[in-house]
Amino acid sequence: MRISLLVITIVSILMTTSCGDNSDDNKPHTTNTVSNSINATTEFDAGLSYYNANPPNYVQAAEYFQKAAEQDNMEAQLYLAALYESGLGVNQSWQKAIYWFKKAAMRGSLPAQYQLGLIYEKGQGVEKSRSQALHWLSLAAEQGEPDAQHQLGWLYMEESDSNQASQLSAIKWFKMAAEQGHASAQNMLGWLYENGASGQPELNEALKWYQASADQDNAYALNNLGWFYWQGKAGKIDKEKALNYFIRAAELGDSDAQLNLGLIYYQGDDVPTSIEQAQKWFMLSAEQGNPYAQYNLGWLMLKGEIKNASPHAIRYYFQLACDNSLQQACLALQSDSQPLFIGTPEESVIHTPSVSH
């Protein structure tokens, strides 16, 4: 289909030329431009066939993408930039990746504009630049690119505590991405509505967007829905439904949901008490760096709830939690007094908000 369209384009250009200025200077220039476009497309298609082969041949793909990119083929420039970014088929080079991303971005490639925004936001191969990140992300976001809209929302969120206008901008961009089905943006929008970012909590809106995100198996949203129903924010407490959401989120790897399940099973809150299940979920959460789970594992070992735990293991988990800035763990390491379990029956489930960047 691409070849057919090119043929139509060629005929149209040649017909237009014959009806206009017939000078010798114009004919070769137009013909060469069309010829270069055909060559570039052919080179790109060849590169794409190597790129999509099973197994891929990234070296050959890079060679063809390079030829097409040098003839201003936007797609080839984008693919070549991605190869230099990842180091597949070529020596990894941020300088070359940025060069080709910019070439493609200047020609209107939304993925290239988005990638440049990320590069400048994170300072990968360049000095971090919020203004450059905003520039490139805005170009893509304003043309409807949902990933760029989501990322732009996060950029504005970073200064939203001190700037009401930035908070409103964050809501605007998250909502635009959410309305296109972006699961992370939907979860973040739910969190913002739950926490009153628009002026006051809007729990119905929060539930709506959490549910939309959870329907796409977003683990963060599933945990947040679990908390919603556990606390009765949806209208009434429904711990059975909450538990199902926590389990789904935990099985998808959300460390907050794993922590919550550990607490639920330890306390026997609407489920049979199970130290084995509590240990399992605390361990999974702790392995992902959750300091509350790390602390609680150390506490269970200290109390003898986990059998045959060595003093070294107890100290190890308290130290991990302390290194992750949990002050209570640092105090437990320094004090001879008995540390307290984080998550007493009175507190029930500790909810740490699940948001994704």
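Is it the case, given these coordinates, that Tyr156 is at negative phi, open to solvent by 30 Å² or more (accessible area, probe 1.4 Å), in contact with a Ser or Thr (Cβ under 7 Å, 6 or more places away or on another chain) and assigned to a helix (DSSP H, G or I)? Before the answer, list the steps.
Details: at negative phi: yes; open to solvent by 30 Å² or more (accessible area, probe 1.4 Å): yes; in contact with a Ser or Thr (Cβ under 7 Å, 6 or more places away or on another chain): yes; assigned to a helix (DSSP H, G or I): yes.
Here the answer is yes, as Tyr156 does meet what is asked.
How many residues, within the range 243-274, are over 25 Å from the mean Cα position of the chain (by Cα) and either under 16 Å from Leu203 (Cα atoms) or in contact (Cβ under 8 Å) with a residue 12 or more places away in the chain (or both)? Spell out how you get there, then give the answer.
The initial filter retains those residues of the range 243-274 that are over 25 Å from the mean Cα position of the chain (by Cα), namely 243, 262-274.
Remaining after also requiring either under 16 Å from Leu203 (Cα atoms) or in contact (Cβ under 8 Å) with a residue 12 or more places away in the chain (or both): 243, 262-267, 269-271.
Summing the residues that are over 25 Å from the mean Cα position of the chain (by Cα) and either under 16 Å from Leu203 (Cα atoms) or in contact (Cβ under 8 Å) with a residue 12 or more places away in the chain (or both) in the range 243-274 gives 10.
Within the range 214-229, how many residues turn out to be open to solvent by 10 Å² or more (accessible area, probe 1.4 Å) and over 17 Å from His182 (Cβ atoms)? Reasoning before the result, please.
So the first thing to find is which residues in the range 214-229 are open to solvent by 10 Å² or more (accessible area, probe 1.4 Å), and the list is 215-220, 227, 229.
Those left that are additionally over 17 Å from His182 (Cβ atoms): 227, 229.
Matching residues across the range 214-229 total 2.
Tell me which residues, restricted to the range 92-122, are open to solvent by 60 Å² or more (accessible area, probe 1.4 Å), closer than 14 Å to Gln143 by Cβ and part of a loop (DSSP other than H, G, I, E, B).
The answer is Arg107, and nothing else.
Could you tell me whether any residue of the range 180-196 is surrounded by fewer than 18 Cβ atoms within 10 Å (Cβ to Cβ) and at pLDDT 95 or above? Talk me through it step by step, then tell me what you get.
Our first condition is that a residue be surrounded by fewer than 18 Cβ atoms within 10 Å (Cβ to Cβ); within the range 180-196, this holds for 180-181, 195-196.
The next check asks that each one be at pLDDT 95 or above; those that pass are 180-181.
Yes: one or more hits.
With within 24 Å of Gly190 (Cβ to Cβ) and crowded, with 24+ Cβ neighbours inside 10 Å as the only criterion, which of Leu261, Leu243 stands out? Let's see the steps before the verdict.
On the way: Leu243 fails: crowded, with 24+ Cβ neighbours inside 10 Å.
The match here is Leu261.
Can you find a residue that is on the phi > 0 side of the Ramachandran plot and either under 20 Å from the mean Cα position of the chain (by Cα) or without any contact (Cβ under 8 Å) to a residue 24 or more places away in the chain (or both) anywhere in the range 51-71? Step through it out loud before you land on a result.
Pass one, the range 51-71, residues on the phi > 0 side of the Ramachandran plot: none.
Scanning the range 51-71 turns up no residue that is on the phi > 0 side of the Ramachandran plot and either under 20 Å from the mean Cα position of the chain (by Cα) or without any contact (Cβ under 8 Å) to a residue 24 or more places away in the chain (or both).
Take the range 182-227 and flag every residue that is in a loop (DSSP other than H, G, I, E, B) and more than 18 Å from Gly253 (Cα to Cα).
Within the range 182-227, His182, Asn195, Gly196, Ala197, Ser198, Gly199, Gln200, Pro201, Glu202 qualify.
What are the residues in the range 123-140 that are open to solvent by less than 30 Å² (accessible area, probe 1.4 Å) and in a loop (DSSP other than H, G, I, E, B), if any?
Initial filter on the range 123-140 (open to solvent by less than 30 Å² (accessible area, probe 1.4 Å)): 123, 129, 133, 136-138, 140.
Listed by number, the residues that qualify are Gly123, Ser129.
Restricting the search to the range 35-77, which residues are of a type in the set (S, T, N, Q), open to solvent by less than 30 Å² (accessible area, probe 1.4 Å) and either part of a loop (DSSP other than H, G, I, E, B) or closer than 20 Å to Gln113 by Cα (or both)? Before you say what the answer is, go through the steps one by one.
First, the residues of the range 35-77 that are of a type in the set (S, T, N, Q): 35-37, 39, 41-42, 49, 52, 54, 57, 60, 66, 71, 73, 77.
Going one step further and asking which of them are open to solvent by less than 30 Å² (accessible area, probe 1.4 Å), we end up with 41, 73, 77.
Hits for the range 35-77 are Asn73, Gln77.
Pairs, please: C-beta under 8 Å, at least 6 apart or cross-chain, first residue in contact (Cβ under 8 Å) with a residue 24 or more places away in the chain and at positive phi and in the range 95-124, second of a type in the set (Gly, Ala, Ser) and open to solvent by 30 Å² or more (accessible area, probe 1.4 Å)?
Close Cβ pairs satisfying both conditions: none exist.
Using the structure shown, decide if Gln143 is open to solvent by 10 Å² or more (accessible area, probe 1.4 Å) and modelled with pLDDT under 95.
For Gln143, the condition - open to solvent by 10 Å² or more (accessible area, probe 1.4 Å) and modelled with pLDDT under 95 - is not met.
Pick from Asn187, Asn223, Asn218: which is in contact with a His (Cβ under 9 Å, 6 or more places away or on another chain) and polar (S, T, N, Q)?
Working: Asn187 fails: in contact with a His (Cβ under 9 Å, 6 or more places away or on another chain); Asn218 fails: in contact with a His (Cβ under 9 Å, 6 or more places away or on another chain).
Going through Asn187, Asn223, Asn218 in turn, just one is in contact with a His (Cβ under 9 Å, 6 or more places away or on another chain) and polar (S, T, N, Q): Asn223.
Kindly evaluate Tyr292 against the criterion of being touching a residue at least 60 places away in the same chain (Cβ under 8 Å) and either in a helix (DSSP H, G or I) or surrounded by fewer than 23 Cβ atoms within 10 Å (Cβ to Cβ) (or both).
Values: touching a residue at least 60 places away in the same chain (Cβ under 8 Å): yes; either in a helix (DSSP H, G or I) or surrounded by fewer than 23 Cβ atoms within 10 Å (Cβ to Cβ) (or both): yes.
Yes; evaluated as a whole, the condition is true for this residue.
Looking at Met188, Met176, Met157, can you tell me which residue is among the hydrophobic types (A, V, I, L, M, F, W, C) and in contact (Cβ under 8 Å) with a residue 40 or more places away in the chain? Quick ask: steps written out before the conclusion?
Values: Met176 fails: in contact (Cβ under 8 Å) with a residue 40 or more places away in the chain; Met157 fails: in contact (Cβ under 8 Å) with a residue 40 or more places away in the chain.
Exactly one of Met188, Met176, Met157 is among the hydrophobic types (A, V, I, L, M, F, W, C) and in contact (Cβ under 8 Å) with a residue 40 or more places away in the chain, namely Met188.
The values are calculated or read from the model by the stated rules, or taken from the named source; none is laboratory data. It should be emphasised that the depicted structure is a prediction, and the values quoted were computed from it without experimental measurement. Every residue, glycine as well, gets a Cβ built from its backbone with ideal geometry; the counts of neighbours run over all protein chains shown. Heads up: the accessible areas ignore ligands, DNA and RNA and are worked out on the full protein's heavy atoms, side chains in. Shrake-Rupley method; radii C 1.70, N 1.55, O 1.52, S 1.80 Å.
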